[in-house]
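**Q** Below are the structure tokens for one structure; questions will follow.
The values are calculated or read from the model by the stated rules, or taken from the named source; none is laboratory data. Note that the structure is predicted; figures quoted are calculated from it, not measured. Here the Cβ positions follow ideal geometry from the backbone for every residue, glycine too, while neighbour counts run over all protein chains shown.
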Amino acid sequence: MSSEPETPGAGPGDATDPRLAGLHTWLTEVLGSRAIRLEVASADASFRRYFRVHHGGGTAIAMDAPPEREPCEPFLRVARLLRVAGLHAPAVLAADAGRGYLLLEDLGGDTYLDVLLAGEARPEPLLDDAVDALVRWQAASRDGVLPPYDRALLERELDLFPTWYVGRHLGLTPGSDWQAAWRAGRAALVDAALAQPHVWVHRDYMPRNLLPADPNPGVIDFQDAVHGPITYDLASLLRDAFIEWSPQQEARWVRRYQAAAMAAGLPVPEPLAPALDLMAAQRHLKVLGIFARLCHRDGKPRYIAEAPRFLRYLDREFAPYPELADLREAVAALPSPEGRA
């Protein structure tokens, strides 16, 4: 989690940010000292906030999650599942779930995305470890533990695209032909996802949520985990919003995943490419809608700048599949998103 300057109003008497003041008071109680300093640890696309806590020569991460918007229980439950599966989720050092405050192990200041974009690390070792960890996570799956990634959820996610990206961001009201192509493509993508074997799904398993750590990788932002399509997290990892890999690099990691997953006894789709493409297309349409919503509802315009990358991904993912030809044409006919933030 990349650090930013020390946050103002980190003291207990700050009336302008009562949750921050409450967090500071709670931390002094938990740590037994008022000699603590908070700095913003990461910017989040949700209502959660993370602060790096400096105290006694060490650091930890404090999470502020307003319970009416971001309850802590899913985070705590999935953190336990990840750690039991052998993944490096942050240890929970203290918790007051009722008030929405957690104190977590500090996994470090930089994410995979940070070090990769800065050229500070070779991608192969990092992504190799991420693929191996993903297989361990999937191999630990059990039915009835996490919420299902079911038809209703898949459809609700996909509907973010016409509502927020097409309607709100582009300002369009598509005609009947576009709507028909959308409905048919939406149904094909949902059916393909539901036909896959289902395992535990992190749901945002991407370089922005992985950190170089020992053991590697550290895993964060996992509270929305579900039981769903086996290719979802692989698609998230290899076809990311903020960094793009060559076809040769992607093929390398897909082969590594296939070998490790099959060795672990996982039900890998055969062939894998269509399942991966169609799952990635569902995710990319969903995330375009989310990024548009963040821009126009939540006042966070920086994410929608990645729309051109998503549209490139989608064209590539649609191309091999006749059942998505009309949807491919409908998406390609949309005007450029540039300059509409």
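**Q** Test of understanding: among Val254, Val331, Val287, which residue is under 30 Å from Phe47 (Cβ atoms) and either assigned to a helix (DSSP H, G or I) or not assigned by TED's automatic domain parsing to the domain that holds Leu153 (or both)?
**A** Values: Val254 fails: under 30 Å from Phe47 (Cβ atoms); Val331 fails: under 30 Å from Phe47 (Cβ atoms).
Only one candidate passes the filter, namely Val287.
**Q** Follow-up question, since we're still on this one. State which residue is farthest from Arg83 (Cα to Cα) when the search covers only segment 198-218 and only residues that are without any contact (Cβ under 8 Å) to a residue 60 or more places away in the chain and in contact with a Gly (Cβ under 9 Å, 6 or more places away or on another chain).
**A** Of everything passing the filter in segment 198-218, His198 is farthest from Arg83 (Cα to Cα).
**Q** So Leu234 passes all but one of these: (1) in a helix (DSSP H, G or I); (2) closer than 15 Å to Leu189 by Cβ. Which condition number does it fail?
**A** So Leu234 meets the others, but not (2).
**Q** Something else about it: Report yes if some residue within segment 161-175 is assigned by TED's automatic domain parsing to the domain that holds Leu294, within 27 Å of Gly144 (Cβ to Cβ) and not β-branched (Val, Ile, Thr); otherwise report no.
**A** There is no residue in segment 161-175 that is assigned by TED's automatic domain parsing to the domain that holds Leu294, within 27 Å of Gly144 (Cβ to Cβ) and not β-branched (Val, Ile, Thr).
**Q** While we're on this one: Here are the criteria: (1) out of contact with any Leu (no Cβ under 7 Å at 6 or more places or on another chain); (2) crowded, with 16+ Cβ neighbours inside 10 Å. Tell me which single one Gly98 does not satisfy.
**A** Every condition holds for Gly98 apart from (2).
**Q** Residues in segment 324-341: is at least one surrounded by 15 or more Cβ atoms within 10 Å (Cβ to Cβ) and under 16 Å from Leu238 (Cα atoms)?
**A** no
**Q** Restricting segment 258-288 to residues that are closer than 13 Å to Arg239 by Cα and in contact (Cβ under 8 Å) with a residue 60 or more places away in the chain, which is surrounded by the most Cβ atoms within 10 Å (Cβ to Cβ)?
**A** So, considering only residues that are closer than 13 Å to Arg239 by Cα and in contact (Cβ under 8 Å) with a residue 60 or more places away in the chain, the one surrounded by the most Cβ atoms within 10 Å (Cβ to Cβ) is Ala281.
**Q** Taking only pairs six or more apart or across chains, which ones have beta-carbon atoms under 9 Å, a first residue in segment 91-119 that is under 19 Å from Glu244 (Cα atoms), and a second residue that is of a type in the set (Gly, Ala, Ser) and buried (at least 18 other Cβ atoms within 10 Å of the Cβ)?
**A** Qualifying pairs under 9 Å: Thr111/Ser42; Thr111/Gly218; Tyr112/Ala130.
**Q** Tally the residues that are in contact (Cβ under 8 Å) with a residue 40 or more places away in the chain and assigned to a helix (DSSP H, G or I), restricting the search to segment 292-306.
**A** 8
**Q** A follow-up question, please. Applying the selection to segment 45-57, what residues are of a type outside the set (Ser, Thr, Tyr) and in a strand (DSSP E or B)? Let's see the steps before the verdict.
**A** Restricting attention to segment 45-57, the residues satisfying the condition of being of a type outside the set (Ser, Thr, Tyr) are 45, 47-49, 51-57.
Matches in segment 45-57: Arg49, Phe51, Arg52, Val53, His54, His55.
**Q** Among the residues of segment 46-55 satisfying the criterion of being among the aromatic types (Phe, Trp, Tyr) and out of contact with any Pro (no Cβ under 8 Å at 6 or more places or on another chain), which is surrounded by the fewest Cβ atoms within 10 Å (Cβ to Cβ)?
**A** Initial filter on segment 46-55 (among the aromatic types (Phe, Trp, Tyr)): 47, 50-51.
Next, from what is left, pick out any that are out of contact with any Pro (no Cβ under 8 Å at 6 or more places or on another chain): 50-51.
Values: Tyr50: 19, Phe51: 27.
Ranking the candidates gives Tyr50 first.
**Q** In addition: Would you point out the residue of segment 29-45, among those that are surrounded by 15 or more Cβ atoms within 10 Å (Cβ to Cβ) and not charged (D, E, K, R), that is farthest from Leu104 (Cα to Cα)?
**A** Only one residue tops the list, namely Ala45.
**Q** Same structure again: May I ask you to list the residues in segment 230-248 that are under 14 Å from Gln282 (Cβ atoms), of a type outside the set (S, T, N, Q) and under 15 Å from the mean Cα position of the chain (by Cα)? Please lay out each step first, then the result.
**A** Here is the first cut: in segment 230-248, the residues under 14 Å from Gln282 (Cβ atoms) are 230-236, 239.
Keeping just the survivors that are of a type outside the set (S, T, N, Q) gives 230, 232-235, 239.
Tyr232, Asp233, Leu234, Ala235, Arg239 - these are the residues of segment 230-248 that are under 14 Å from Gln282 (Cβ atoms), of a type outside the set (S, T, N, Q) and under 15 Å from the mean Cα position of the chain (by Cα).
**Q** Just need a number here: residues in segment 1-44 that are at pLDDT 90 or above, within 29 Å of the chain's Cα centre (by Cα) and assigned to a strand (DSSP E or B).
**A** Selection size over segment 1-44: 4.
**Q** Select from segment 89-147 the residues that are among the β-branched types (Val, Ile, Thr) and within 17 Å of Asp214 (Cβ to Cβ) and list them in ascending order. Step through it out loud before you land on a result.
**A** Step one: of segment 89-147, the residues among the β-branched types (Val, Ile, Thr) are 92, 111, 115, 131, 135, 145.
Correct list: Thr111, Val115.
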